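Chemist: A single structure is presented below for examination.
The values are calculated or read from the model by the stated rules, or taken from the named source; none is laboratory data. Small disclaimer: the values here were computed from a predicted structure and weren't measured. Positions of Cβ are generated from backbone atoms using ideal geometry, with glycine treated the same way; all protein chains shown enter the neighbour counts. For the accessible areas, the whole protein counts, side chains as well, though only heavy atoms, and no ligand, DNA or RNA atoms are used. Shrake-Rupley method; radii C 1.70, N 1.55, O 1.52, S 1.80 Å.
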Amino acid sequence: MAPRKITIRELGGCMGPIWSSYCGNCHSLLFMMDASNPTQLSASCVQLLGLLSAQQLSYASVLILFNKIDLPCYMTMEEIRSLIRLPDIIACAKQNITIAEISAHKGTGLTEVLCWLQNQHRSSS
């Protein structure tokens, strides 16, 4: 059996309005938020809600990554849950949502992200 391919695309903030055009064959979604910037976090939440409501992603598994936990000014998960009403988002979403705290800079949590990707890749086979 030929190995399956995983395609990962970075779609930055300014590309938000056209994100849905990249979701046609998407089985998994990694959505990264900056846990050190409350202002940006709220804007990211609006973009996340848009993606979660996209028909193309209604059956996708979602991993929300809260990055920059290595910075002294990062928000705790309790603060983030409250600020963006994360429990309500998870409860109302059609998708299976997992959350993780990471530091891309220091590598904290990245092993768990890779395991999640592998599990999603296997289950979509």
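Quick grid of which residues meet (1) open to solvent by 70 Å² or more (accessible area, probe 1.4 Å); (2) over 24 Å from Cys115 (Cα atoms); (3) of a type in the set (Ser, Thr, Tyr):
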site	(1), (2), (3)
Ile6	yes, no, no
Ser21	yes, yes, yes
Asn25	yes, no, no
Ser44	no, yes, yes
Gln55	yes, yes, no
Ser61	no, no, yes
Asn67	no, no, no
Cys73	yes, yes, no
Ile90	no, no, no
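Chemist: Right, next: Determine, yes or no, whether Cys73 is over 13 Å from the mean Cα position of the chain (by Cα) and closer than 25 Å to Cys26 by Cα.
Modeler: no
Chemist: Then there is this: Within the range 104-122, how many residues turn out to be free of Cβ contacts under 8 Å to residues at least 24 places away in the same chain and open to solvent by less than 90 Å² (accessible area, probe 1.4 Å)?
Modeler: Looking only at that region, the number is 4.
Chemist: Given the options Glu79, Glu101, name the one that is farther than 21 Å from Gln56 by Cβ, open to solvent by 50 Å² or more (accessible area, probe 1.4 Å) and under 14 Å from the mean Cα position of the chain (by Cα).
Modeler: Exactly one residue qualifies, and that residue is Glu101.
Chemist: What is the number of the single condition among (1) more than 25 Å from Cys23 (Cα to Cα); (2) polar (S, T, N, Q); (3) under 11 Å from the mean Cα position of the chain (by Cα) that Asn67 does not meet?
Modeler: For Asn67, the failing item is (1).
Chemist: Looking at Ile90, Ile84, which one is in contact (Cβ under 8 Å) with a residue 12 or more places away in the chain and either of a type in the set (Val, Ile, Thr) or touching a strand residue (DSSP E or B) at 6+ places or on another chain (Cβ under 7 Å) (or both)?
Modeler: Ile84
Chemist: Let me ask something else. Can we say Phe31 is under 26 Å from Thr111 (Cα atoms), in contact with a strand residue (DSSP E or B) (Cβ under 6 Å, 6 or more places away or on another chain), of a type outside the set (Ser, Thr, Tyr) and at pLDDT 95 or above?
Modeler: So Phe31 fails the test.
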